[in-house]
There are 2 protein chains.
Amino acid sequence: MGGSPRPALPAARKHSSKRDYIVDIFRHHEGHLSADDLFDLVRQGKTGIGRATVYRTLQWMVETGLARKVDFGEGRARFEASERRPRHFHLICDRCHRSFEFLSSDVESFVDEVASARGFAPTQTVVQVHGTCDECQKGVGAGATDDNATTAFLFARDALRMAIATERSGLEFYTCATRIASDPRGRRVFEKLAGEERTHLATLQARYKELIKSNPDLESRPAFLFFKGAASGLFASGAQQLTPGVDDEQALRIGMKCERGSHLFFKRYGSRFEESEGKRIFLEFAAEERDHFELLVREYRALRARRAAHRRRTPPRRHAVARRAR
Amino acid sequence: MGGSPRPALPAARKHSSKRDYIVDIFRHHEGHLSADDLFDLVRQGKTGIGRATVYRTLQWMVETGLARKVDFGEGRARFEASERRPRHFHLICDRCHRSFEFLSSDVESFVDEVASARGFAPTQTVVQVHGTCDECQKGVGAGATDDNATTAFLFARDALRMAIATERSGLEFYTCATRIASDPRGRRVFEKLAGEERTHLATLQARYKELIKSNPDLESRPAFLFFKGAASGLFASGAQQLTPGVDDEQALRIGMKCERGSHLFFKRYGSRFEESEGKRIFLEFAAEERDHFELLVREYRALRARRAAHRRRTPPRRHAVARRAR
DNA sequence: ATAGATGCAAACCCTTTGCACATTA
DNA sequence: TAATGTGCAAAGGGTTTGCATCTAT
């Protein structure tokens, strides 16, 4: 969040030092500023910038995507910087007027469903939960300002947590699969993957630790990302399916399904976020899961080939069992 | 939606014919009115009512729950009557400025989850999907006004559809259970329940037919209620669990789980709605499911008792199998 | 009689605009 | 210089408020 290497401001027809100045102030201020808040901030420094210019600049920032306009129903607009911060939803305390951000894949997928049922092309989704925040309920007057300053970090933290949980789940799955595998070659594959999961897990945990070290109070913060149908559940249910009767081929298939689901999940949501650490974590993890998936596919094919070869050496039988209809 | 028997207006400190008049106009107008829209309507009739009074009355209606204030980001508030209309969410076309209503249990349960994770006490949830509506995408300029006039009917329609789907699912479950039941007495229970489901199904379908008859274009309207995790899925998965190996006791248990889940679902969401036909459908259905549940419980207990009695007549064994730890 | 409701117009607040002037390409 | 950006103040729109005047209890 430091000096920010200015990612080439979207083209205005002409340059303007005043606009640059306003944008700079805005970009370095996390939280939800109203036009007047920003005007005040701008006035504190360089003088001679009019209110109208602030309004016009805000408008321009929204058009070019540098800012997002939010309306908390206060009768005036607020603006939030959009760089490096994923789109998100808000919990809004109507008593102390602070807001808390969160993000959810479930809501997004739900919105997709509703919109497509109506042939509606959504551009933006607003989710606001109004109510009373924890502190106001307890009567702790203090409150201070929005603590959304760390949203980018919270996002990274939760992305890592999800990746770690998924990795753990995967590790468990492969450990379990190793135990069940009957064929020594199959066992080796699962052992290898278990090993990989262990390595990745260690990497992710190190990364998590580092993040926490650089930002110690991060750990105690509440959740930002909510993914009810998160990918780690996939492996958990996959592991459940690994009952003693399952053979190597089936185990491979289950593993493939899990890795593929996990890959799709992380990729799909990762690609929706704004450029950020959290996004990177999602996409990197998605790539890893894809690699695992591909490895499993190769092994699966190899196993099938071996079996087919074996079958050729034994009395020929029906090649495939036709699935019962209905 | 007729003459409306006026459900005792929440007490204002003093009566006022003007306020009554404004409220009356508002209540009989479906859709989202701005203060000025309402002022115009009021002015059309009785003259001599000032804009301020309209504002004050709207404020009072919101306070007393007669109206809900909504903000579509137009820079002015809109108001919708809340009687007989469930809280709902909005799809908002930013091109033609119409809005479409929908409702979802998933969002509500999701919001509960997020809020409780933060110790936040929610009072109201705003979900707005902005974008372009079907017609505007196709370039059909017409559009007319909001067609939310029929929301109450759509709500009833979808409630009936859900109830019917659940009933069908239940019927399938009990038919399946009848086939599987080994004990003749158990079979009779399932047959009885299948019969009940058939009867209820017929009732519901008749009700649905009647609704459609009174409002023919209702059938072609898009969905209003979205319940991804709807209760009919319960019975479907219940039926899946009825594999040949399952005995009567297990089947009863599965049935109980389904009926109980279904009951809770319909009751939980039904109780959240405003007074309306749809709400009544939900709650009535919830009651039916509860009855089924209780019948199953009785049968289950009877079966257990019979088995215990039988066991007493045979060499005594361990009464319960201790569950493996972990 | 008295608290509460109303109309009117003025005040408020946030935001946009017109216009003369300053900057930038 | 020609096209844009800017400051100021004024206008705009939605909403609230002060105050004298009604009205219900």
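The values are calculated or read from the model by the stated rules, or taken from the named source; none is laboratory data. Note that the structure is a prediction, hence the values are computed from the model and not measured. Here Cβ is always computed from backbone atoms with ideal geometry, including for glycine, and neighbour counts include all displayed protein chains.
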Given the options B:Phe273, B:Phe282, name the one that is in contact with a helix residue (DSSP H, G or I) (Cβ under 6 Å, 6 or more places away or on another chain) and not in a helix (DSSP H, G or I).
B:Phe273
Which number in (1) in contact with a Leu (Cβ under 9 Å, 6 or more places away or on another chain); (2) within 27 Å of B:Lys267 (Cα to Cα) marks the one condition that B:Val107 misses?
(1)
In segment B:223-258, what count of residues is obtained for those that are among the charged types (D, E, K, R) and not in a helix (DSSP H, G or I)?
2
Out of all the residues in segment A:259-282, is one or more surrounded by 22 or more Cβ atoms within 10 Å (Cβ to Cβ), within 18 Å of the chain's Cα centre (by Cα) and more than 26 Å from B:Ala117 (Cα to Cα)?
yes
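Filter segment B:166-201 down to the residues that are hydrophobic (A, V, I, L, M, F, W, C) and closer than 18 Å to B:Asp291 by Cα and list them by number.
At the first step, the residues of segment B:166-201 found to be hydrophobic (A, V, I, L, M, F, W, C) are B:171, B:173, B:176-177, B:180-181, B:189-190, B:193-194, B:201.
The answer is B:Leu171, B:Phe173, B:Val189, B:Phe190, B:Leu193, B:Ala194, B:Leu201.
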For segment B:93-100, does any single residue satisfy the condition of being within 21 Å of the chain's Cα centre (by Cα) and of a type outside the set (Val, Ile, Thr)?
yes
Whether any residue in segment B:13-27 is within 16 Å of DNA strand C (Cβ to nearest atom), farther than 29 Å from A:Ile92 by Cβ and either within 14 Å of another protein chain (Cβ to nearest Cβ) or modelled with pLDDT under 85 (or both) is what I want to check.
yes
Subset of segment B:48-101, residues within 11 Å of DNA strand D (Cβ to nearest atom), surrounded by fewer than 16 Cβ atoms within 10 Å (Cβ to Cβ) and assigned to a loop (DSSP other than H, G, I, E, B), comes to B:Gly48, B:Gly50, B:Glu74, B:Gly75, B:Arg76
Every residue in segment B:40-49 that is within 37 Å of the chain's Cα centre (by Cα) and within 10 Å of DNA strand C (Cβ to nearest atom), please.
B:Val42
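Look through B:Arg87, B:Arg98, B:Arg68, B:Arg78 and report the one residue that is of a type outside the set (Ser, Thr, Tyr), in contact (Cβ under 8 Å) with a residue 60 or more places away in the chain and more than 16 Å from DNA strand C (Cβ to nearest atom).
Only one candidate passes the filter, namely B:Arg87.
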When you go through (1) out of contact with any strand residue (DSSP E or B) (no Cβ under 9 Å at 6 or more places or on another chain); (2) closer than 29 Å to A:Glu108 by Cα; (3) touching a residue at least 40 places away in the same chain (Cβ under 8 Å) one by one for A:Gly261, which number turns out not to apply?
(3)
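Rundown of residues vs (1) out of contact with any helix residue (DSSP H, G or I) (no Cβ under 7 Å at 6 or more places or on another chain); (2) on the phi > 0 side of the Ramachandran plot; (3) within 14 Å of chain A (Cβ to nearest Cβ), yes/no style:
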residue: B:Ser214; (1), (2), (3): yes, no, no
residue: B:Glu219; (1), (2), (3): no, no, no
residue: B:Phe235; (1), (2), (3): no, no, no
residue: B:Gly238; (1), (2), (3): no, no, no
residue: B:Gly245; (1), (2), (3): yes, no, yes
residue: B:Leu264; (1), (2), (3): yes, no, no
Does A:Gly255 qualify as being surrounded by fewer than 16 Cβ atoms within 10 Å (Cβ to Cβ) and at pLDDT 90 or above?
no
Candidate set from segment A:118-142 (those that are in a helix (DSSP H, G or I) and surrounded by 14 or more Cβ atoms within 10 Å (Cβ to Cβ)); member that is nearest to the other protein chains (Cβ to nearest Cβ)
A:Asp134
